[in-house]
Each structure stands twice: as C-alpha cells, then as structure tokens.
1. Quick test of your reading of the structure: Phe369 fulfils all but one of (1) at pLDDT below 90; (2) at negative phi. Name the failing condition by number.
2. Of the residues that make up the stretch 398-412, is at least one in a helix (DSSP H, G or I), within 26 Å of Glu179 (Cβ to Cβ) and not polar (S, T, N, Q)?
3. Checking Gly158 against (1) more than 27 Å from Ala364 (Cα to Cα); (2) in contact with a strand residue (DSSP E or B) (Cβ under 6 Å, 6 or more places away or on another chain), which test does it fail?
4. Yes or no: the stretch 111-122 includes at least one residue that is free of Cβ contacts under 8 Å to residues at least 40 places away in the same chain and acidic (Asp, Glu).
5. Does Ala202 satisfy the condition of being under 24 Å from Ala45 (Cα atoms) and of a type outside the set (S, T, N, Q)?
6. Given (1) under 30 Å from Arg358 (Cα atoms); (2) open to solvent by 70 Å² or more (accessible area, probe 1.4 Å); (3) without any contact (Cβ under 8 Å) to a residue 24 or more places away in the chain, where does Leu452 come up short, assuming only one miss?
7. Every residue in the stretch 343-378 that is in a helix (DSSP H, G or I), of a type outside the set (Ser, Thr, Tyr), out of contact with any Ser or Thr (no Cβ under 7 Å at 6 or more places or on another chain) and open to solvent by less than 40 Å² (accessible area, probe 1.4 Å), please.
8. Please identify the pairs in which a residue from the stretch 410-428 that is farther than 14 Å from Val398 by Cα has its Cβ atom under 6 Å from the Cβ atom of a residue that is open to solvent by less than 50 Å² (accessible area, probe 1.4 Å) and among the aliphatic types (A, V, I, L, M), counting only partners at least 6 apart or on another chain.
Amino acid sequence: MTNDTSNQMWGGRFAAGPDAIMEAINASIGFDQRMAAQDIAGSRAHAAMLAATGIVSDKDAEAMREGLLTVLSEIEGGTFVFSTTLEDIHMNVEARLKDIIGEPAGRLHTGRSRNDQVATDFKLWVRDQFDAFESGLLALIKALLAQAEVGADWVMPGFTHLQTAQPVTWGHHMMAYVEMFGRDLSRTRDARKRMNECPLGAAALAGTSFPIDRDMTAKVLGFDRPSANSLDAVSDRDFALEFLSTASICAMHLSRMAEELVIWSSAQFRFVVLSDRFSTGSSIMPQKKNPDAAELIRAKIGRIFGANVALMTVMKGLPLAYSKDMQEDKEQVFDAADNLMLALAAMEGMVKDMSANRPSLEAAAGSGFSTATDLADWLVRVLGMPFRDAHHVTGTLVAMAEQNECDLPDLTLEQMQSVHSDITSDIYEVLGVHNSVASRVSYGGTAPSQVLAQVARWKEMLE
C-alpha cells in the first residue's frame with residue numbers, strides 16, 4: 001500500500017504520509033491481526049444492525065456481510081496481505097472490503113468508531129480465552145480427581161516448612177490442588193460474566209446520533225447487554241486486567257504444583273515418576289531424567305505476572321476516554337494467554353501420565369516422627385492431659401527416639417512409661433501412619449473416607 005492510501009484513510013488531514021518511524025510506532029497490525037475473526041464478526045453484526053434500523057440498505061448490508069466472509073477466508077487461507085501503512089486489523093479489513101465490494105464498504109463504519117470497534121474485538125478475543133481457560137482448568141481438575149480417587153488411601157508425608165509434619169494421603173494432596181484450581185475456575189467464570197457487556201455503538205466516546213440498535217448487536221455477538229456508558233466502554237480494559245490477574249493466580253498455583261513435581265521426581269524423594277513424554281535426558285549424564293515440563297511451567301509465571309504488571313502500568317495514568325497508550329494492551333494479553341494455555345495443557349498431561357511411587361510414599365510417611373501429633377492427641381483424649389502438657393511429654397519422647405536412633409513406634413512401652421507412667425500399650429494403635437490418616441475424619445480431613453467424599457462432591461459439581 002502507498003502513503004496515498006493512508007492519506008485517504010485520514011480524509012486528507014495530512015499532506016504527507018507518516019515517516020518510517022511514525023509508521024513503525026503507530027502500527028499494530030503485526031500483532032492485532034490475531035483478532036481478525038473477532039473484528040469481522042463484530043463488523044458483520046454491525047452491518048446487519050445498520051440494515052435493520054434503515055441506516056443502510058439491505059443490499060449494501062448484504063454486500064458488506066458477504067464481502068467480510070471473503071476477507072475472513074483470505075486471512076484464514078493465508079493469502080491476505082497485511083499492510084503496516086493501514087495500521088491495524090480494522091483498517092486492513094475495511095480496505096480489503098472496499099477492493100472486493102467497492103463503494104458500499106464506505107458505509108460500514110457508520111455509527112461506530114475504531115475506539116468502540118477495538119474494544120469490542122478485544123473483548124470478544126478475551127472472552128474466547130476465558131472459555132479456553134475454563135476448558136483447560138476442567139481438564140486438569142478431572143485429571144487430579146482421577147489421581148485422588150485411585151490413591152485415596154495411599155499414605156505419604158504431609159509437610160510444613162518442607163519438613164515432615166503429619167501423615168496424609170496421596171488423594172488428599174491431589175484434592176488440595178483440585179480446590180486451588182477450583183477457585184481459579186470460579187474466578188474465571190465470574191470474570192467472564194462481568195465482562196460480557198458490548199461496547200459496540202459507544203462510537204468514539206459519546207455515542208452516536210444515528211438510530212442504532214445496541215441491544216441487537218450485543219445479542220448477535222453473544223453479550224448479555226450493551227455497556228451503559230460510552231466513555232467507560234471505550235476506555236475500559238478491566239476485562240483484560242481481570243484475565244491477567246486470574247491467569248496470574250492460576251499460574252502461581254501451577255508453579256507451586258510444578259515445584260512439588262520437580263522435588264517429588266528427584267532421586268532423593270522418588271515420590272512420583274513422570275512419563276517420558278514430559279521429561280528430557282541429559283547431554284552428558286545418561287542416568288538423568290529431567291522434569292523439564294514442570295520447570296518450564298514454573299518459569300511461565302514470570303511472563304504472566306509481567307504482563308499483568310505491564311498492563312496495569314499502562315492503564316494507571318490514563319484520563320478518559322481512549323488514548324493511544326491502550327494499543328499496548330494486546331501483546332501482553334496475547335503472550336500471557338498463550339503461555340497460560342500451554343502451561344495448563346502441560347500440567348494436565350503430566351498429572352494424567354505420572355505414577356505415584358506408593359512404597360516410597362509410605363516409607364516416607366512414617367519418617368520424621370510424623371505421628372507425634374497423634375501421640376499428643378492420644379494423651380489428651382485418653383489420659384485427659386492438657387494439650388500443652390501432652391505437647392511437652394511428646395517432645396520428650398521424640399528426643400528419646402532421636403537418642404535411640406529409632407522412630408516413635410519403635411520405643412518400648414517401658415521407655416514411654418519412664419516419661420509418663422499412665423501411658424498404656426494402646427498408644428501403639430495411633431502411632432501407625434495408616435491409623436493416623438484414618439482417624440482424621442473431620443470434614444475436609446485426610447481420612448480416605450473424607451477424600452472419597454470430596455471426590456464425589458467434585459464429580460457431582462462438574463456434571
């Protein structure tokens with residue numbers, strides 16, 4: 001395209017086209033062409049509305065709508081030639097439409113502005129990402145539920161400060177992540193519902209004098225309603241920020257789980273075996289099996305967090321209504337969405353494929369005096385001892401076990417009674433890890449019965 005075309009676009013306002021630097025900084029077609037399908041959907045809805053309200057003829061509207069489908073097929077087929085001179089996806093589409101249908105293309109922009117057009121296109125694109133986000137979360141949650149159900153009674157160590165704390169079950173640990181990603185799912189659905197107002201028809205910032213039907217375009221495009229304030233409609237990017245903030249929290253959850261998989265798959269832990277599909281080898285160490293997918297998921301959060309901060313920074317100082325700064329919104333969201341969807345898919349694949357090493361989990365579950373709290377609880381429950389006294393007695397017994405280089409269940413009754421004479425042989429019933437987890441029957445506890453109840457609850461909710 002020549003600069004003459006650009007001059008025509010601006011209606012003769014400029015005597016000469018922008019120089020190369022201005023063209024480069026001003027153009028967004030290099031990235032906003034990703035919104036081509038949304039742009040054409042919005043324009044087709046707008047054309048139909050213009051005809052329905054009598055603003056343009058049915059013949060012109062039909063030519064616009066059919067011509068736009070031709071443009072879309074060219075873009076999807078890879079034959080469309082994008083021009084930086086035409087700045088963005090909106091003007092590229094409109095210019096090509098004029099080539100195809102001629103003079104009626106000039107009527108398509110009646111009653112709208114690029115300000116409400118880009119806000120609509122971007123909302124449609126982000127809404128599609130929320131839908132993909134939801135699908136990815138559902139797939140991951142289902143993979144975690146499958147792991148939890150199979151391992152509902154497999155004992156493993158629970159940690160605080162990455163130190164052995166109390167025995168839990170593999171199923172309980174998997175269900176913790178179900179709850180995390182379940183909150184992400186709730187946030188995703190909530191944000192999608194809130195964003196579903198249509199900016200189209202807000203025009204540049206003040207609305208339009210043409211008798212447009214905003215309810216019609218909103219309905220055609222799947223929005224719940226048109227946005228209620230034209231100033232806000234063209235200057236709002238909360239929907240993109242909510243996507244990025246929701247994505248950031250989810251990415252943090254993915255990173256936490258990835259960190260555990262890195263630790264668990266190490267030779268020192270051997271809690272899980274990751275499939276070859278999500279691992280790599282070493283160039284010089286033949287024994288290595290590296291959890292690269294988990295490590296890359298762990299790293300993705302930096303890009304997603306960065307996108308969130310970047311767009312917040314862009315928006316924080318902007319007066320109403322539209323400013324060109326807002327052109328910097330899309331690349332951040334595009335990159336974050338790409339990396340979030342990839343991380344979700346990779347985590348789902350790892351969870352589906354991974355095998356928990358049950359013997360290693362069980363062996364580790366009883367280490368580190370993990371049933372010390374069960375011993376203290378027994379002293380309170382059976383002997384009526386105040387918990388602080390029971391805590392002290394248990395600590396003394398732990399110190400004794402350390403000195404004897406054994407675990408609590410390996411202490412003899414005589415040794416225990418030397419610390420407190422009222423202890424009976426019944427104490428050994430609570431010192432086994434299986435007995436420990438089975439006793440945690442409070443709602444949301446680690447007992448296998450509770451784990452299976454939570455699995456059933458989630459399955460019912462997902463159905």
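The values are calculated or read from the model by the stated rules, or taken from the named source; none is laboratory data. Just so it is clear, the model here is predicted, and its values are computed rather than measured. Cβ coordinates were reconstructed from backbone atoms using ideal geometry, including for glycine residues, and neighbour counts include every protein chain displayed. Only protein heavy atoms, including side chains, enter the accessible area calculation; ligands, DNA and RNA are left aside. Shrake-Rupley method; radii C 1.70, N 1.55, O 1.52, S 1.80 Å.
1. Of everything listed in (1) at pLDDT below 90; (2) at negative phi, Phe369 misses just condition (2).
2. Quick first cut of the stretch 398-412, residues in a helix (DSSP H, G or I) only: 398-403, 408-410.
Filter once more, so that each one left must be within 26 Å of Glu179 (Cβ to Cβ): none.
No - not one qualifying residue is present in the stretch 398-412.
3. With (1) more than 27 Å from Ala364 (Cα to Cα); (2) in contact with a strand residue (DSSP E or B) (Cβ under 6 Å, 6 or more places away or on another chain) applied to Gly158, the lone miss is (1).
4. no
5. Yes.
6. Among (1) under 30 Å from Arg358 (Cα atoms); (2) open to solvent by 70 Å² or more (accessible area, probe 1.4 Å); (3) without any contact (Cβ under 8 Å) to a residue 24 or more places away in the chain, the lone unmet condition for Leu452 is (3).
7. Ala343, Leu344, Ala346, Met347, Gly349, Met350, Val351, Leu361, Ala364, Ala365, Trp378
8. Qualifying pairs under 6 Å: Ile423/Met416; Ser425/Leu413.
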